[in-house]
Amino acid sequence: MEATSSSSSLLNGLNSGVVLSLIAVLWTVVWQNLQRLQLQTLVGRHMNRHARRLAALVDPYLSVTIHEYEGGRMKRSAAYEEVKAYLSASSARDVRHLRAEGAKDADKLVLSMVDGEEVSDVVAADDSTDVTVWWCAYSTPPPRTDGGGYYGWGGGGRAQENRRYYRLFFLDRHRELVINTYLPSIRRQGRAVMVQNRQRKLFTNISTHNWSDVDGLVRSAWSHVVFEHPKTFDTLAMDPAKKKEIMDDLDMFKNGKEYYARVGKAWKRGYLLHGPPGTGKSAMIAAMANYLDYDIYDIELTSVHSNTDLRKLFIETTSKSIIVIEDIDCSLDLTGARKKKKEAADDDDGGSKDGGAPPKPDMKKDASSKVTLSGLLNFIDGLWSACGGERLIVFTTNHVKKLDPALIRRGRMDKHIEMSYCCFEAFKFLAKTYLDVDSHRLFAAVDELLSEVDMTPADVAENLTPKSLDDNADTCLAALVKELEKAKENKSKGKNAHGEDKDEDEDEEDDDVEVVEKDK
């Protein structure tokens with residue numbers, strides 16, 4: 001028994017010793033590896049420093065890359081556009097292969113470098129020496145979205161534009177001068193050139209089902225034409241006092257960047273243009289754009305299929321622009337959102353029992369659209385509305401009473417402008433514009449008739465337009481008086497200006513105006 005106990009003790013001791021030995025060996029190996037790894041890291045860092053110094057001796061040039069898109073590939077880079085504008089003059093002078101785009105002057109072009117071209121620039125240093133830097137243009141083809149390894153084609157087999165960028169090369173010893181002085185100066189000068197060469201555009205959104213989305217970059221959300229509408233405030237038929245009020249309001253907005261920042265508001269302003277058809281709502285938008293020198297983004301809500309798509313559209317708009325939704329009362333199911341369910345169902349069936357505007361003849365409801373009133377309100381007044389500045393948001397409607405109060409409250413639609421029937425002051429303006437007359441024996445008759453019947457400025461202008469070489473002020477004014485008298489007769493018979501029976505929409509137009517006046 002004693003021998004057995006001694007053997008067990010010996011075995012236990014041996015086992016403990018083996019375990020301790022193994023632990024000691026493992027710890028030694030780990031410790032040596034840790035020391036070796038630390039030594040390698042120190043050596044690596046030391047070698048990297050020397051490698052960088054050696055590289056600087058071999059290639060003393062640094063570079064700054066400015067890509068065309070930034071911000072999660074959703075928004076075009078302002079810095080890229082500014083550099084492009086700045087380099088336009090030197091590119092036209094020194095570069096062999098150029099890219100041409102339209103300019104503000106229809107007879108001129110804005111030129112830029114194509115891929116692979118290079119242009120030099122000279123920077124004046126503090127010691128009056130000249131420092132040379134070099135700009136190069138590059139691009140990379142977009143990847144395919146179908147998993148293929150080829151480049152240049154996106155979903156639907158449509159060719160995609162390359163991702164363009166500029167790269168600035170300069171000597172390492174000029175780093176501070178280039179980064180702190182030269183690049184900020186380039187951006188300022190580029191913005192000035194952009195204003196000088198800017199060609200204003202009229203944009204419309206493409207159906208979101210047809211967008212080509214490559215790697216998060218929306219390429220085809222908007223299409224555009226050159227904006228060449230001739231309407232200005234000088235040719236807009238409106239009461240002069242009311243016209244001046246609107247122009248003053250626009251001036252305050254355009255020059256209000258510091259004010260909006262001080263009060264903590266996004267630099268935007270909403271306008272609601274309301275009134276009967278033919279009273280000049282679209283002409284007012286064109287006059288506003290020409291007065292402010294802004295682009296116009298005309299949104300067709302029935303082509304937008306979700307609130308997310310609406311937000312993407314807004315992000316793609318630029319500063320100095322007017323975002324327009326015309327006939328908001330006819331857009332999807334966004335209006336009258338707080339009506340009773342039965343009334344809403346009647347509207348869906350095409351009814352207009354509440355005095356709402358009938359659907360446009362050529363407008364088919366898009367059942368796939370999921371844009372909601374909440375999404376539209378966030379588009380106008382939410383967090384995303386502050387992405388960029390100096391934007392006007394304009395809604396037009398023939399039936400202001402149909403609009404949900406939340407949509408047109410102050411803070412969203414800040415200024416309500418009634419586009420009314422032609423008054424005598426507006427008539428005199430039209431007579432001067434169309435016939436070049438300041439007074440006429442028929443003016444008194446026109447004044448009296450306009451106080452009794454409603455006629456839109458468009459109808460008045462049409463009657464004042466000469467139709468043949470024999471027409472003059474006498475014949476045109478006589479034709480206008482005849483039409484006004486006819487309208488007066490129709491009014492007495494319960495008919496509209498065109499001799500047709502009035503519908504319920506026309507009967508309630510006056511109520512619409514009264515609602516807005518109370519809101520003011």
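I'd like the FRET efficiency for L109 and S492, computed as 1/(1 + (r/R0)^6) with the beta carbon distance as r and R0 of 41 Å, rounded to 0.05. Display every interim value, and only then the final one.
Numbers: r = 61 Å, r/R0 = 1.49.
The pair L109/S492 has a calculated efficiency of 0.10.
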Cβ charges +1 (Lys, Arg) and -1 (Asp, Glu), total dipole of region 424-494, debye: 160 debye
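Would you kindly state how much longer the chain becomes between A458 and R198 on full extension, computed as 0.36 nm times their sequence separation minus their alpha carbon distance, in nm to one decimal? If you can, show how the numbers build up before the last one.
Details: separation 260, 0.36 × 260 = 93.60 nm, distance 3.18 nm.
Between A458 and R198, full extension yields 90.4 nm more.
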XL table K231/K488; K281/K402; K401/K482; K243/K415; K231/K432; K281/K482; Cα-Cα > 22 Å flagged, in table order, is K231/K488; K401/K482; K281/K482
Long-range amide H contacts for S207: which residues qualify at under 5 Å (H placed 1.01 Å from N, peptide plane, sequence gap of 5 or more or a different chain)? none
Could you work out how far apart the two model spin labels at D436 and A479 are, taking each label as a point 7 Å from the Cα in the direction of the beta carbon, and quote it in nm? 1.8 nm
Accessible surface, per residue, of region 424-494 when the full set of protein chains is kept, probe 1.4 Å, Å²: 56 Å²
Show the residues, 5+ positions off or on another chain, whose built amide H is closer than 5 Å to the amide H of T456. C422
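Expressed as a whole percentage, what fraction of the accessible surface of region 424-494 belongs to carbon and sulfur atoms when a 1.4 Å probe is rolled over the protein heavy atoms?
48 percent
What's the carbon and sulfur percent of region 232-315's accessible surface, probe 1.4 angstrom, rounded to a whole number? Before the final figure, lay out the partial values.
On the way: 1750 of 3430 Å².
Carbon-and-sulfur percentage of accessible area, whole number: 51.
Could you order the peptides 172-183, 375-386 from most to least packed, using the average number of other C-beta atoms within 10 Å per residue? The partial results should precede the final answer.
Values: 172-183: 14.5, 375-386: 17.8.
In descending order of packing, they fall as 375-386, 172-183.
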Determine, from the Cβ-Cβ distance of K242 and R167 and an R0 of 41 Å, the FRET efficiency 1/(1 + (r/R0)^6), rounded to the nearest 0.05. 0.15
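The values are calculated or read from the model by the stated rules, or taken from the named source; none is laboratory data. Bear in mind the structure is a predicted one, so any value in this text is a computation, not a measurement. Quick reminder, even Gly has a Cβ in these numbers, built from the backbone with ideal geometry, and neighbours come from all protein chains shown. What goes into the accessible areas is simple: the full protein's heavy atoms, side chains included, and nothing from ligands, DNA or RNA. Shrake-Rupley method; radii C 1.70, N 1.55, O 1.52, S 1.80 Å.
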